[in-house]
Amino acid sequence: MNNRTMEIAVGLFVALGIAALFMLAMQVSNMSSVGRSESYVITAAFQNIGGLKVRSPVTVSGVRVGRVEAIDYDTQAYEAVVSLRIDNNYATFPEDTSASIFTAGLLGEQYVALEPGGAIANLKPGDRIQLTQSALVMEQIIGQFLYSSAARDTPEPEPEPEPEPETTEP
Amino acid sequence: MLDGLQSLGRATLGFFERLGRGNLFLLQILSHLPGMLLRPRLVLTQLYSVGVLTLLIVLVSGLFVGMVLGLQGYNTLVDFGAEESLGVVVALSLVRELGPVVAALLFAGRAGSALTAEIGLMKATEQLSGMEMMAVDPVQRVVAPRFLAALLSMPLLAAIFSAVGIYGGHFIGVGLLGVDDGAFWSQMQNSVDLRGDIYNGVIKSIVFGFVAGWIAMFEGYDATPTAEGVSRATTRTVVHTALVVLGLDFVLTALMFGD
């Protein structure tokens with residue numbers, strides 16, 4: 001075996017290995033999408049975060065603008081406090097932006113969806129989003145559904161007079 | 001009765017003796033590793049025979065393992081209407097488990113056995129004692145470069161295995177079965193974590209390279225210097241490496257992903 005050929009082969013092998021590692025890091029994992037650009041943190045307090053995890057996506061109109069940075073529990077207010085790290089490219093959200101926790105698909109992962117309001121002033125880094133909507137917990141929904149359908153199915157002992165539906169219309 | 005007890009005792013003592021010799025031998029190799037910086041050419045030659053010559057089998061097996069994962073994953077996921085997650089399934093199983101483990105098993109079969117046979121034959125033909133007579137330390141000259149080459153090649157081989165496998169899964173899933181290309185990659189990128197999955201996979205492969213190199217070196221160096229002894233040592237290398245890699249894989253997985 002020629003010495004030069006062998007060295008070229010080893011060089012090729014090492015280059016190929018490093019290229020594979022690089023490909024795994026850049027293309028397969030999520031390194032390219034986080035930590036690259038500047039970002040800032042805002043927080044939001046939720047009654048119930050359901051299955052939200054650290055690193056879950058934060059979206060506006062379906063566009064990913066950041067990730068969940070940390071999840072804490074506020075023992076004073078008895079609420080979960082979620083820190084959202086938002087990309088600096090999306091730095092102008094109105095003060096009355098609302099945050100909701102939704103589920104992607106029926107069994108998918110949960111994410112935070114922001115809904116911009118109409119205020120003129122913008123959220124600053126470190127601000128807290130006031131308007132939040134908790135995650136829907138499947139058991140609660142099923143429980144409510146069962147309860148209401150059971151209430152509808154059981155025959156009432158005596159037909160009560162229908163209460164007049166209150167109409168708000170004049 | 002007493003004979004049975006005696007053979008049991010001898011087997012136990014022999015086992016621990018071998019274990020102790022193996023550990024002392026490892027310390028000896030490790031103490032010689034820094035000296036390898038002065039003689040990179042020795043390592044280079046071994047990188048060729050250990051790494052480059054293993055490349056082909058790793059490439060081909062990686063491709064086929066990835067393609068099988070793509071097929072099987074698709075058939076399972078399509079029942080749940082989740083065939084978009086095929087990329088996640090293929091990438092996670094390769095990066096976390098199959099890449100390091102299968103690459104290590106192939107490495108033991110292709111390179112580990114060759115290393116053991118080479119060193120065992122050197123011992124059987126008294127080349128190693130010849131070196132000692134010339135005041136050349138065979139561990140320094142023969143064993144350490146091979147060990148280092150195994151240690152360096154394993155992570156590269158495992159990474160190549162995973163990368164090729166992912167492309168194999170991509171070829172089957174996207175190319176043949178019609179999974180959406182964008183969903184394949186984006187879901188993969190969403191779920192595969194650089195630190196949690198890729199780094200841990202690399203750590204696994206380094207550990208496996210260490211173990212595979214150690215076992216191959218020790219079996220060769222410790223072989224009975226006869227034709228039969230060398231053949232037995234070569235078999236033991238493959239069997240022991242496979243067992244230790246699979247066992248260690250469980251332990252490492254439990255430590256890394258067990259939470």
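The values are calculated or read from the model by the stated rules, or taken from the named source; none is laboratory data. All figures in this text were calculated on a predicted structure; none of them were measured in a lab. All Cβ positions, even for glycine, are placed from backbone atoms using ideal geometry, and neighbour counts span all protein chains on display.
So, in segment B:244-259, exactly how many residues are exposed (fewer than 12 other Cβ atoms within 10 Å of the Cβ) and part of a helix (DSSP H, G or I)? Residues in segment B:244-259 being exposed (fewer than 12 other Cβ atoms within 10 Å of the Cβ) and part of a helix (DSSP H, G or I): 5 in total. Hey, does segment B:233-255 have a residue that's hydroxyl-bearing (S, T, Y) and within 14 Å of chain A (Cβ to nearest Cβ)? Checked segment B:233-255: no residue is hydroxyl-bearing (S, T, Y) and within 14 Å of chain A (Cβ to nearest Cβ).
Annotation note: of B:A82, B:A104, the sole residue that is at pLDDT below 90 and either farther than 30 Å from B:G35 by Cβ or touching a Leu at 6+ places or on another chain (Cβ under 9 Å) (or both) is B:A82. Residue count for segment B:195-209 satisfying the condition of being hydroxyl-bearing (S, T, Y) and in contact with an Asp or Glu (Cβ under 8 Å, 6 or more places away or on another chain): 0. Taken as a whole, the structure places B:L121 among residues that are in contact with a Gly (Cβ under 9 Å, 6 or more places away or on another chain), hydrophobic (A, V, I, L, M, F, W, C) and surrounded by fewer than 19 Cβ atoms within 10 Å (Cβ to Cβ). Here B:S49, B:S31 are screened, and the one residue that is closer than 18 Å to B:L156 by Cβ and part of a helix (DSSP H, G or I) is B:S49. Test B:E118 against the stated conditions and say whether it is in a helix (DSSP H, G or I), acidic (D, E), within 21 Å of B:S205 (Cα to Cα) and in contact (Cβ under 8 Å) with a residue 24 or more places away in the chain. Answer is no for this residue.
For segment A:118-148, enumerate the residues that are surrounded by fewer than 10 Cβ atoms within 10 Å (Cβ to Cβ) and over 18 Å from A:I101 (Cβ atoms). A:G118, A:I120, A:A121 - these are the residues of segment A:118-148 that are surrounded by fewer than 10 Cβ atoms within 10 Å (Cβ to Cβ) and over 18 Å from A:I101 (Cβ atoms). Exactly one residue out of B:V90, B:V95, B:V78, B:V102 is within 30 Å of B:D180 (Cβ to Cβ) and either free of Cβ contacts under 8 Å to residues at least 40 places away in the same chain or not in a helix (DSSP H, G or I) (or both): that is B:V78. Based on what the data block shows, is B:D180 more than 14 Å from chain A (Cβ to nearest Cβ) and under 30 Å from B:G20 (Cα atoms)? No, not satisfied. Identify all residues within segment B:211-256 that are in contact (Cβ under 8 Å) with a residue 24 or more places away in the chain and of a type in the set (D, E); write none if there are none. B:E219, B:D222, B:D249 - these are the residues of segment B:211-256 that are in contact (Cβ under 8 Å) with a residue 24 or more places away in the chain and of a type in the set (D, E). Filtered by the rule that a residue be charged (D, E, K, R) and part of a helix (DSSP H, G or I), segment B:166-218 gives B:D181, B:R195, B:D197, B:K204.
Restricting B:S191, B:S162, B:S186 to those that are surrounded by 22 or more Cβ atoms within 10 Å (Cβ to Cβ), within 12 Å of another protein chain (Cβ to nearest Cβ) and among the small types (G, A, S) reduces the list to B:S162. Residues in segment B:194-208 that are crowded, with 18+ Cβ neighbours inside 10 Å and among the β-branched types (V, I, T) were compared, and the one that is nearest to A:V58 (Cα to Cα) is B:I198.
Flag: B:R41 does not match the condition of being under 19 Å from A:M23 (Cα atoms), in a helix (DSSP H, G or I), within 13 Å of another protein chain (Cβ to nearest Cβ) and not hydroxyl-bearing (S, T, Y).
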